[in-house]
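Below is one structure, written out as structure tokens, with a few remarks after it.
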Amino acid sequence: MKKIIIAGLIGAVTLFIWSSVSHMALGWHESYTLRFNDEDAVTAILSKECPEAGIYALPNPVMEGLSSEEAAAAWQAAMKQHETGITFFGAVGKKSGNSLGKMLTIQFLNDCFCFLIIAMLLCCQGPKPFLHRVLFVELVALLAFVGFMVPLWSWYGFSGTYIMVNLFDTLIGWGLAGAMTALVFKRSESG
């Protein structure tokens with residue numbers, strides 16, 4: 001158990017450091033972040049039209065109280081807007097109270113949780129060579145990425161640049177952290 005905790009913490013620290021470098025030094029995450037023409041106007045509209053913090057989407061037709069025919073027509077209109085008009089999917093936060101320190105702490109705890117799970121999975125594999133362990137971590141990361149991120153691209157219009165930058169970021173970060181985690185476990189020449 002001690003080896004799992006140490007391996008998980010080493011992986012978490014590695015991933016946390018990589019994430020810092022990736023977001024602050026490389027600049028590639030700015031490549032997909034666009035700016036509104038008038039941020040103050042958008043802020044005013046969001047303040048007025050978003051009654052609470054949460055996820056908002058356009059189109060998002062009201063279906064309550066509609067007959068099945070009316071609901072079908074509303075759904076068709078929404079799909080037409082999705083194909084030809086403005087769509088939006090985003091989180092609106094209101095006075096979250098999350099300081100940078102709190103957000104970084106939550107991120108680090110998340111990294112710890114993820115890499116404790118990875119360390120347990122690596123331990124359950126039994127003796128394996130180092131590269132097999134790293135490949136296993138990369139495949140787990142790739143599976144989670146594809147399962148979560150590709151629907152954001154196909155359903156909600158996240159840009160291809162956003163998907164590709166985050167794919168490479170994930171593979172590099174989890175590869176480095178997976179390598180550091182795998183180093184904790186003894187390499188088996190027979191596996």
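The values are calculated or read from the model by the stated rules, or taken from the named source; none is laboratory data. Predicted, not measured: the structure shown is a model, and the values here were computed from it. Cβ placement follows ideal geometry from the backbone for every residue including glycine, while neighbour counts extend to all protein chains displayed.
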Selection from region 150-177 of residues at pLDDT below 90, surrounded by 16 or more Cβ atoms within 10 Å (Cβ to Cβ) and in a helix (DSSP H, G or I) yields Y162, I163, V165, N166
request  = Within region 126-142, identify whether any single residue is in contact with a Lys or Arg (Cβ under 6 Å, 6 or more places away or on another chain) and part of a helix (DSSP H, G or I), and answer yes or no.
outcome  = yes
Pairs returned, first residue in region 115-140 that is closer than 14 Å to I10 by Cβ, second residue that is charged (D, E, K, R) and assigned to a helix (DSSP H, G or I), beta-carbon separation under 8 angstrom, 6 or more apart or interchain, are A119/K3; L122/R133; C123/K3
Looking across region 147-177 at residues that are in contact (Cβ under 8 Å) with a residue 40 or more places away in the chain and small (G, A, S), the single one that is nearest to C114 (Cα to Cα) is A177
Flagged pairs (Cβ under 8 angstrom, 6 or more apart or on separate chains; first in region 95-106, modelled with pLDDT under 85; second β-branched (V, I, T)) are N98/I106
Here the residues within region 54-77 that are within 24 Å of S159 (Cβ to Cβ) and of a type outside the set (V, I, T) are G54, Y56, A57, L58, P59, N60
Those residues of region 1-59 that are part of a helix (DSSP H, G or I) and touching a strand residue (DSSP E or B) at 6+ places or on another chain (Cβ under 8 Å) come to a total of 1
If we keep only residues of region 59-98 that are within 26 Å of L34 (Cβ to Cβ) and among the small types (G, A, S), then the residue surrounded by the most Cβ atoms within 10 Å (Cβ to Cβ) is A78
Hey, does region 109-122 have a residue that's surrounded by 14 or more Cβ atoms within 10 Å (Cβ to Cβ), assigned to a loop (DSSP other than H, G, I, E, B) and not polar (S, T, N, Q)?
-> no
Reported set for region 72-94 where residues are over 18 Å from the mean Cα position of the chain (by Cα) and either in a loop (DSSP other than H, G, I, E, B) or touching a residue at least 40 places away in the same chain (Cβ under 8 Å) (or both) is G85, I86, T87, K94
Within region 1-50, the count of residues that are over 19 Å from V137 (Cβ atoms), of a type in the set (V, I, T) and touching a residue at least 12 places away in the same chain (Cβ under 8 Å) comes to 0
Restricted to region 8-58 and to residues being charged (D, E, K, R) and within 30 Å of F168 (Cβ to Cβ), the residue surrounded by the fewest Cβ atoms within 10 Å (Cβ to Cβ) is R35
